[in-house]
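For reference, the structure is listed below as structure tokens.
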Amino acid sequence: MDRETHLHSDVAWQEMLARLPDSLDLDKSAREHDALRRRRAVRDGATLLRLALAYGPGGKSLRSAAAWAGACGIAQLSDVGLLKRLRGADGWLSHIAATLLAETCSNRLGGRRLRIVDGSVIRSPGGGGTDWRLHATYDPAEGRFSQLEISDTHGGESLSRHRFEEGDLVLGDRGYARTPGLRHVLDMGADFITRIGWSTIRLLTADGARLDWNAIYAGMQPGELAEHEVLVDHSGRKGELRGTSTFRARLVVRRKDDISTVRAQKAIRDTHKKKQRAAPHPRPLTVTSAGFLLLLTSVSAPEMAPEEVAETYRLRWQIELAFKRLKSGLGIDALPARDPELARSWIAAHLILGLIIDEAVADSLACHPTTPIRPSARSSLWRLQNFLRDVLLTAIIGMARLSRIGHVLAEAVRNLIEPPRRRLSQFARVRLRLTS
């Protein structure tokens, strides 16, 4: 069976390719991004994509991926040849991921698109290489990512990295509570709900006076909610803009219960002690504020009551679960490569498969019956994504035919040979003893 006939008979892989957007021409885009420099072993973009997916989410090493490709008649190349091709494909694979994201539908939730923003770190193996940060925007209504960006860890988290549409409602944690990023959201016609710390942002009262946090906290009972009209003061890094650039917002404060307050205050003291701050104890207002949830929002009071603001913010955990599915389900946190270009290709391949899974999940949920089989039955997004992952990985890896392996076994063994070592492996020692 020749290579072309084998690929055409691989129905599952062809069906997976059919799920890619019609606007994506793998061969043309691979040439434009200089990913197909030599076509001697890898002749087209689909083959290169399959090799990247097998090495990335497929969990294969460079050697085992090269041996697998030869045994299945996909490509005849060494692990070094595969390494060179994947190192040059990082921009192209990122382009494929971006194209998949561009095809994402933008469903609206309650008249607004809800967009959750967060980041997650992917660490280099052994701590000796480059660590990476994945910047993401998540659509909880669709159960999938709507924006993704890869940077090294020097690329800080900021709302300014992300694009929003008019009417979007953006959720962010304390790491995104920076005035320039909030200003960026407003300039794009969107609104925000973000958690803040008492000293994260300079807040003023509605008449321009400095906010008195102790007065705000005074008299609040566990579980009680309070709302205050505030001005957000954009002072600039050196305070040169203080008082000249402000915008209105609402501060929603909820007092935590006693158990949560004690736990949060203990964490503040433990962190302060661990970091060996110059001051012997954390600031009293920092300890007091640990007993309160502080939310800042630009949504007007008639549209969303304080209770609704707090309830909506709880949806932010959906992106944490999405990151967990990427890491636990696809293993994107098990980065094996230290080389920066190879690492970017490895991460981008995971994102491509994750986005295809998200699209398949959306299709499955759209076809899911509105009435559950049992009244207490609930759809498990985790199980559905894991099932689709297994289906797609089977389509990528395929099955090597035993009759064909006999013809290419020598090539496969050559790719699997270990480099010379001073100490023989246990298998090599036993084999040498039995054959001598």
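The values are calculated or read from the model by the stated rules, or taken from the named source; none is laboratory data. Because the structure is predicted, anything quoted here is derived from the model rather than measured. Glycine gets a Cβ as well: all are built from the backbone with ideal geometry, and neighbour counts include every protein chain shown. Only protein heavy atoms, including side chains, enter the accessible area calculation; ligands, DNA and RNA are left aside. Shrake-Rupley method; radii C 1.70, N 1.55, O 1.52, S 1.80 Å.
Miscellaneous remarks
- Residues of the range 189-229 classified as in contact (Cβ under 8 Å) with a residue 60 or more places away in the chain, of a type in the set (D, E, K, R) and over 21 Å from GLU311 (Cα atoms), total: 0
- Filtered residue count, the range 253-296, keeping only those that are outside any helix (DSSP H, G or I) and over 14 Å from TRP213 (Cβ atoms): 12
- Within the range 197-217, the residues that satisfy the criterion of being open to solvent by less than 30 Å² (accessible area, probe 1.4 Å) and part of a loop (DSSP other than H, G, I, E, B) are GLY197, ILE201, LEU211.
- Neighbours by Cβ (under 6 Å, 6+ apart or cross-chain): first from the range 68-90, farther than 25 Å from LYS28 by Cβ; second modelled with pLDDT of 90 or more and part of a helix (DSSP H, G or I): SER78/ALA66; ASP79/LEU62; ASP79/ARG63; ASP79/ALA66
- Among the residues making up the range 110-125, those that are assigned to a loop (DSSP other than H, G, I, E, B) and at pLDDT below 85 are GLY110, GLY111, SER124.
- Note on the range 36-54: among residues that are out of contact with any Lys or Arg (no Cβ under 9 Å at 6 or more places or on another chain), modelled with pLDDT under 95 and among the basic types (Lys, Arg), the one that is surrounded by the most Cβ atoms within 10 Å (Cβ to Cβ) is ARG39.
- Residue check, LYS266 open to solvent by 30 Å² or more (accessible area, probe 1.4 Å), among the charged types (D, E, K, R) and at pLDDT below 90: no
- For the range 171-188, filtering for residues that are without any contact (Cβ under 8 Å) to a residue 40 or more places away in the chain and open to solvent by less than 30 Å² (accessible area, probe 1.4 Å) leaves 1.
- Residue ID - surrounded by the fewest Cβ atoms within 10 Å (Cβ to Cβ), chosen from residues in the range 55-73 that are in contact with a helix residue (DSSP H, G or I) (Cβ under 7 Å, 6 or more places away or on another chain) and at pLDDT below 90: ALA71
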